[in-house]
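Here the structure is laid out as structure tokens; the discussion comes afterwards.
The values are calculated or read from the model by the stated rules, or taken from the named source; none is laboratory data. Everything numeric here is computed off the predicted structure, so don't read it as measured data. Heads up, the Cβs are rebuilt from the backbone with ideal geometry, glycines too, and the neighbour counts pull from every protein chain shown.
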Amino acid sequence: MDNLNDLKAIWLTAKTDSLPASGEMLRMAKKFRNEKIRKKLMMIFIALLLAAIMVFGEIYNGSTMLSTHMGGACLIITCMILAFTNIRSLKRFIDFKDFNNKEFIEFMEQTKRNQLYYYQKTQVAGMAISSIGLLLYFYELVYRDTVLFIVTYSAAIIYLAVMWFVIRPRNFRKQNLKMDETLRNLHNIANQII
Amino acid sequence: MADFEEIYSLYSPQIFRVCMGYVNDAEQAKDLTQETFISVWKNLSSFRNESKISTWIFRIATNNCLRAVEKNKRVTKVELPYNLPAVQEETQEDKLVFLYKAIAGLEEMERIIISLVLEDLPQAEIASIVGLSDGNTRVKIHRIKEKLAIKFKDHGQFE
């Protein structure tokens, strides 16, 4: 290498003709729909719809037992937690901030820490509340028929056990490993901008 | 307000080269360039001229490159093999491939900084894109140049 100008001359020889033409790029940009935003909007819609159905049920189903109302309330709270978490995370995709690289890495680190908090705390709380809600909600519907009671509660307990002891730990382990690695990488990059 | 197509025609080759310097993969660099201009298109109306439009676009592009860590696609550093046979007649393409390899051996932020230097951006603009002080940027650029010079010297390239 003789000097930086030699490198600049070489650098500029990179072929850029595979890039789309400006008109084509404009069409692509107009057509672009962010799948992540769509998924989050769908999740918020479903959570709010379920909450509305539960509220409607609470008002009109004429249940008399406290356990049903408590169960309904727990399930509504879970739907609201799900909706709130997704609305908060949606802001991240919609709010555009003109970050420099240093601010962007800090923002990504904070986002990952929020996600880690969600998996470690919010998701556990949501699952616990919905599990209790589900068990309480069914009681009034099945307590008069012993066979139905046993079948319903066995199915519910098996379902919850699988969720708590198989699916969640597996997903959590996977997500945790991925997030730990991402945080390590982000930390490493943050240290390069000091 | 500048026209999108005009902005694209002016900056897309630069953005592609900077992304290429970061990822050392033409397809990935093309995807990153397109993602950058989709973001430019979506947010052009909110651009408030607080910085130069080039600074704004380079920030979006380099942040997109950095976002690769989120997908755990951390671009692995490439170590150049030692004792490369001295090539008598190097084509421009060979030289470019070697330059990309040498850059791929640097840390993430070093790759971004040297790519911006090679695009001939003023140091103050590079500092504003990266988020470092002017003085710190100058020191970093100097160190990166030294690192590259060693790599080139070790492999007997372009002497």
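Does any residue of region A:35-44 turn out to be at pLDDT below 95 and closer than 25 Å to residue B:18 by Cβ? Checked region A:35-44: at least one residue is at pLDDT below 95 and closer than 25 Å to residue B:18 by Cβ.
Per-residue answers, yes or no, for (1) more than 16 Å from the chain's Cα centre (by Cα); (2) more than 30 Å from residue B:111 (Cα to Cα); (3) small (Gly, Ala, Ser):
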| position | (1), (2), (3) |
| --- | --- |
| A:121 | no, yes, no |
| A:131 | yes, yes, yes |
| A:135 | yes, yes, no |
| A:138 | yes, yes, no |
| A:142 | yes, yes, no |
| A:151 | yes, yes, no |
| A:159 | yes, yes, no |
| A:172 | no, yes, no |
| A:178 | no, no, no |
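Among the helices (runs of 4 or more DSSP H) confined to region A:1-60, the ones with at least 1 residues that are more than 19 Å from the chain's Cα centre (by Cα) and within 30 Å of residue B:117 (Cβ to Cβ) are located at A:4-11, A:22-31. Reported count of residues in region B:111-159, each being more than 7 Å from chain A (Cβ to nearest Cβ), acidic (Asp, Glu) and within 16 Å of the chain's Cα centre (by Cα), is 2.
The residue that is farthest from the other protein chains (Cβ to nearest Cβ), counting only those in region B:4-24 that are in contact (Cβ under 8 Å) with a residue 12 or more places away in the chain and more than 29 Å from residue B:106 (Cα to Cα), is B:7. The residue of region A:1-21 that is nearest to the other protein chains (Cβ to nearest Cβ), among those that are among the acidic types (Asp, Glu) and surrounded by fewer than 14 Cβ atoms within 10 Å (Cβ to Cβ), is A:2.
Given the options A:52, A:83, name the one that is under 25 Å from residue A:123 (Cβ atoms) and surrounded by fewer than 15 Cβ atoms within 10 Å (Cβ to Cβ).
Exactly one of A:52, A:83 is under 25 Å from residue A:123 (Cβ atoms) and surrounded by fewer than 15 Cβ atoms within 10 Å (Cβ to Cβ), namely A:52.
Scanning for something part of a helix (DSSP H, G or I), under 12 Å from the mean Cα position of the chain (by Cα) and free of Cβ contacts under 8 Å to residues at least 60 places away in the same chain, does region B:35-56 turn up at least one residue? The answer is no, given that none of the residues of region B:35-56 is part of a helix (DSSP H, G or I), under 12 Å from the mean Cα position of the chain (by Cα) and free of Cβ contacts under 8 Å to residues at least 60 places away in the same chain. Test residue B:104 against the stated conditions and say whether it is among the small types (Gly, Ala, Ser), at negative phi, crowded, with 19+ Cβ neighbours inside 10 Å and out of contact with any Gly (no Cβ under 8 Å at 6 or more places or on another chain). For residue B:104, the condition - among the small types (Gly, Ala, Ser), at negative phi, crowded, with 19+ Cβ neighbours inside 10 Å and out of contact with any Gly (no Cβ under 8 Å at 6 or more places or on another chain) - is met.
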